[in-house]
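Student: Structure incoming, see below.
The values are calculated or read from the model by the stated rules, or taken from the named source; none is laboratory data. Source: prediction; values computed, not measured. Here the Cβ positions follow ideal geometry from the backbone for every residue, glycine too, while neighbour counts run over all protein chains shown.
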Amino acid sequence: MNNKLGVMQGRLVPKYQDRYQAFPIGMWKDEFKVASECGLDLIEFILDFNDAEESPLLKSGGVDEIKLTMKETGVSVKTVCADYFMEAPLHSSDNEVVKKSFSVLERLIEAAKTLKITDIVIPCVDQSSLETEDAVDRFVKQVSKVIPIIEKENINLSLETDLEPKPFIELLIKINSNNITVNYDIGNSAALGFDSDEELSAYGDRITDIHIKDRALGGGPVTLGRGSADFDKFFNKLREFNYQGPFIMQAYRDDEGVAIFKNQLNWIKEYLRRYEFKSYQ
């Protein structure tokens, strides 16, 4: 296998508005150049709630800018992390929030069609967790509306949740589409105390996007290898499913960003080589 390796947007440039994960307005093209210098294949674009209309994913002419930047640097965009929906969930009890968020989702899907993006990650964690049956029902109702178009264009809505495997699978069954898939975050799973073997056995080939980070049990991000994530166990099990999707570095960063990222990049490359997900000279 030769899976693509990428980075979450904002990890290779200085913090934007004092946030470690954000769309870096004014710096996003520079990050493509740094990613290319690091030998990365991809950048996972972020659609923020803050400044959403400034995102090239939504603003006029922005998609063409992204296409040109990809061509100039050789770094592609195949996935989008739609953090917008953490602040304005599709399952909000506020109908006005839902109406606006659904409109944003439709526009994002249009951009994905043009850019040939394969996965739009929908976070249902933290303040956007699916905590009640009513929330699940509202979420299913909204997502189901876009199934005809994502199936036609073969775009996945890749769900990231803090649900245990059984209720997560029940959610996927309720929506009932091959294009509603799983975004798996090994660090978040470790922080929640979940068992990666159990999760991977449950999700199997439904997983289409993987975020690479490490976290302590019940705690925040740490550098790769210093938290509770068992990477050997994870990669050994993942091999059983012929995973073809990307690995996206969402790893710990400090104020500088690039130096600590490069150290972790070398660390994860060894795992990808050892478990035959990607070959390196």
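Student: Working only within segment 175-199, note down all residues that are within 30 Å of LYS145 (Cβ to Cβ), surrounded by 21 or more Cβ atoms within 10 Å (Cβ to Cβ) and of a type in the set (A, V, I, L, M).
Tutor: Those that are within 30 Å of LYS145 (Cβ to Cβ), surrounded by 21 or more Cβ atoms within 10 Å (Cβ to Cβ) and of a type in the set (A, V, I, L, M): ILE180, VAL182.
Student: If a residue must be of a type in the set (A, V, I, L, M, F, W, C), in contact with a Gly (Cβ under 9 Å, 6 or more places away or on another chain) and not in a loop (DSSP other than H, G, I, E, B), how many such residues does segment 52-84 contain?
Tutor: Of the residues in that region, 0 qualify.
Student: Out of the residues in segment 126-147 meeting the condition of being assigned to a loop (DSSP other than H, G, I, E, B) and surrounded by 14 or more Cβ atoms within 10 Å (Cβ to Cβ), tell me which one is nearest to the chain's Cα centre (by Cα).
Tutor: The qualifying residue nearest to the chain's Cα centre (by Cα) is SER129.
Student: For segment 256-264, state whether one or more residues are more than 18 Å from the chain's Cα centre (by Cα), at pLDDT 95 or above, exposed (fewer than 14 other Cβ atoms within 10 Å of the Cβ) and under 25 Å from GLN9 (Cβ atoms).
Tutor: Within segment 256-264, none of the residues are more than 18 Å from the chain's Cα centre (by Cα), at pLDDT 95 or above, exposed (fewer than 14 other Cβ atoms within 10 Å of the Cβ) and under 25 Å from GLN9 (Cβ atoms).
Student: Under 8 Å between Cβ atoms, at least 6 apart or on separate chains: pull out the pairs that start in segment 196-225 with a residue that is over 27 Å from ASN263 (Cβ atoms) and end on any residue that is in a loop (DSSP other than H, G, I, E, B) and of a type outside the set (Asp, Glu).
Tutor: From segment 196-225, the pairs are ASP205/ASN242; ASP205/TYR243; THR208/THR118; THR208/GLY245.
Student: Additional query: Those residues that are buried (at least 17 other Cβ atoms within 10 Å of the Cβ), out of contact with any helix residue (DSSP H, G or I) (no Cβ under 7 Å at 6 or more places or on another chain) and at pLDDT 90 or above, I need them from segment 11-34; list them, please.
Tutor: PHE23, TRP28, GLU31
Student: Would you mind telling me which numbered condition in (1) without any contact (Cβ under 8 Å) to a residue 60 or more places away in the chain; (2) surrounded by 22 or more Cβ atoms within 10 Å (Cβ to Cβ) VAL121 fails?
Tutor: Among (1) without any contact (Cβ under 8 Å) to a residue 60 or more places away in the chain; (2) surrounded by 22 or more Cβ atoms within 10 Å (Cβ to Cβ), VAL121 violates only (1).
Student: Within segment 93-101, identify whether any single residue is touching a strand residue (DSSP E or B) at 6+ places or on another chain (Cβ under 7 Å) and in contact (Cβ under 8 Å) with a residue 24 or more places away in the chain, and answer yes or no.
Tutor: No, that holds for no residue.
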